[in-house]
Structures are given as C-alpha cells and as structure tokens.
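Report on the structure given below.
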Amino acid sequence: MSNIEQTLSIIKPDAIERNLENEIKEMFKVNGFKIINEKKIKIEKSEAETFYKVHETKPFYSDLCEYLSSGPIVVMILEKDNAVLENRSLMGATNPKDAEEGTIRKKYGISIDKNSVHGSDSAENAKIEINFFFKD
Ligand code: IDP
Ligand code: MG
C-alpha cells in the first residue's frame with residue numbers, strides 16, 4: 001500500500017556556503033523525492049529557537065540556533081512514498097562520522113553540528129515543520 005508523505009528538509013548553512021545546494025537536491029531527486037516547494041532564506045536566531053524548541057534543554061541549543069541562523073539556508077517540502085523515514089535514511093546519522101556510505105551526511109557533513117541537512121523525524125513533526133516555513 002502506498003503512503004505518500006511530505007517531509008521538511010533544510011540544506012544548512014555549511015552546505016549552502018560550500019555551493020552544495022544543487023548536488024544535494026540532485027541526491028533527493030535521484031532517490032525519488034519530488035521537491036514540492038522550496039525557498040532560500042536567512043532566519044533570525046529567535047526563529048531558529050522556535051524551530052528547534054524540542055532541544056531547548058540541550059547544552060548545544062544556543063550554538064545550534066546561532067548556527068542555523070548564521071547564513072542562508074534552503075528549506076524544501078519533499079514528497080515520496082514514506083518520505084519521512086526515507087529522508088532520514090538518505091540523510092544518514094546525525095554525526096557524519098557514524099553515517100553510512102551513500103548518505104548525504106557521510107558525503108558532505110563536516111561535523112555533528114555542521115551536518116549539512118535537517119529532516120523531520122516523524123510525520124507529525126513534518127506537518128508542524130512544513131507549516132512553520134510554508135504557512136500559506
Ligand atoms: P537530527 O538533525 O539528526 O534530527 P537531532 O538530535 O534532532 O539530530 O539534533 C538536531 C541538530 O542538533 C543536529 O542535526 C545537530 O546539528 C545538532 N546536534 C545534535 N547533537 C549535538 C551534539 O551533541 N553537539 C552539537 N550539536 C548537536
Ligand atoms: Mg531532529
């Protein structure tokens with residue numbers, strides 16, 4: 001049975017800065033994702049704090065929000081069968097050191113904080129995150 005879903009993906013500042021936007025989008029496309037909507041934006045730290053609110057008690061929260069708001073990012077709505085899990089698997093582990101061959105983070109990630117991409121971790125959070133960036 002098919003389970004077409006949408007998920008939110010972000011190409012983070014470290015990847016945009018290294019001009020990896022098109023290569024990363026290509027990885028999504030060859031892996032069967034459709035880019036339904038996208039925009040390149042720069043967010044305020046306060047917006048990053050709202051977006052990453054689930055992590056507010058973590059020691060890295062402030063640095064994480066500082067980082068996500070440090071430069072341009074590309075936010076995208078990706079669509080595919082089981083998009084949420086499929087995207088998590090294409091992204092690879094949070095720490096690029098632990099990411100498997102063929103994943104985006106293995107290929108492009110620099111470190112646990114500069115790991116090139118964000119992806120929603122559940123269908124429920126995907127809806128919240130898509131709504132956060134694409135309200136209308
Ligand atoms: P995810 O991006 O794989 O879903 P999360 O645990 O949701 O990982 O963490 C959100 C982001 O916070 C990560 O992508 C990474 O950039 C950063 N992060 C997670 N754990 C650490 C850490 O231990 N030190 C520094 N940054 C971290
Ligand atoms: Mg996460």
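So what's the Cα pair-distance distribution over region 79-136, bin width 10 Å, in %?
Reading upward from the zero bin: 26, 43, 28, 3.
Using the heavy atoms of the protein chains and a 1.4 angstrom probe, tell me the accessible area per residue for region 33-130 in square angstrom.
55
How about LYS58: which lysines have a C-alpha closer than 28 Å to its C-alpha, ignoring those fewer than 8 places off in the same chain?
LYS12, LYS40, LYS42, LYS45, LYS97, LYS106, LYS107, LYS114, LYS127, LYS135
Which of the GluC sites (Glu not before Pro) across region 1-58 are loop residues per DSSP, with 16 or fewer other Cβ within 10 Å?
Answer in residue order: GLU44, GLU56.
State, as an integer percentage, the relative contact order of the chain based on alpha-carbon contacts under 8 Å between residues 6 or more apart.
Details: 230 pairs, mean separation 50.0, N = 136.
About 37 percent, as a whole number.
Starting from the eigenvalues of the Cα gyration tensor, five times each then square-rooted, give me the equivalent ellipsoid semi-axes of region 1-75, largest first, whole Å.
Computed over region 1-75, the values are 25, 17, 10 Å.
For the chain, state what percent of all Cα-Cα pairs lands in each successive 5 Å bin, counting from 0 Å until the bin that includes the largest distance.
Binned Cα distances yield the sequence 2, 11, 21, 25, 24, 13, 4, 1, 0.
Loop-only chymotrypsin sites (Phe, Trp or Tyr not before Pro) in region 1-68, please: DSSP not H, G, I, E or B, and at most 14 other Cβ atoms within 10 Å. Mind dumping the intermediate values first?
On the way: sites: PHE28, PHE33, PHE51, TYR52, PHE60, TYR61, TYR67; in loops: PHE33, TYR52, PHE60.
Qualifying residues, ordered by number: PHE60.
Whole-Hz Karplus ³J(HN,Hα) for region 63-73, in order, using 6.51 cos²θ - 1.76 cosθ + 1.60 and θ = phi - 60°, x for Gly and Pro?
Here the 3J(HN,Hα) series is 4, 4, 6, 4, 5, 5, 9, 7, x, x, 10 Hz.
Quote the relative contact order of region 64-129 in percent (integer), defining contacts as alpha-carbon pairs under 8 Å separated by 6+ residues.
In percent, rounded to a whole number, it is 26.
Shape verdict for region 47-92, please, from the Cα gyration tensor: rounded (a/c under 1.5), prolate (a/b greater than b/c) or oblate.
Prolate is the answer for region 47-92, as a/c is 1.5 or above and a/b outweighs b/c.
Quote the accessible area belonging to LYS40 in square angstrom, nearest 10, computed with a 1.4 Å probe and with ligands, DNA and RNA left uncounted.
120
The values are calculated or read from the model by the stated rules, or taken from the named source; none is laboratory data. None of the values given here were measured: they were computed from a predicted structure. Don't worry about glycine lacking a Cβ; one is built from the backbone with ideal geometry, like all the others, and counts go over all protein chains shown. Remember, those area values only see protein heavy atoms, side chains included, never the ligands or the DNA or RNA. Shrake-Rupley method; radii C 1.70, N 1.55, O 1.52, S 1.80 Å.
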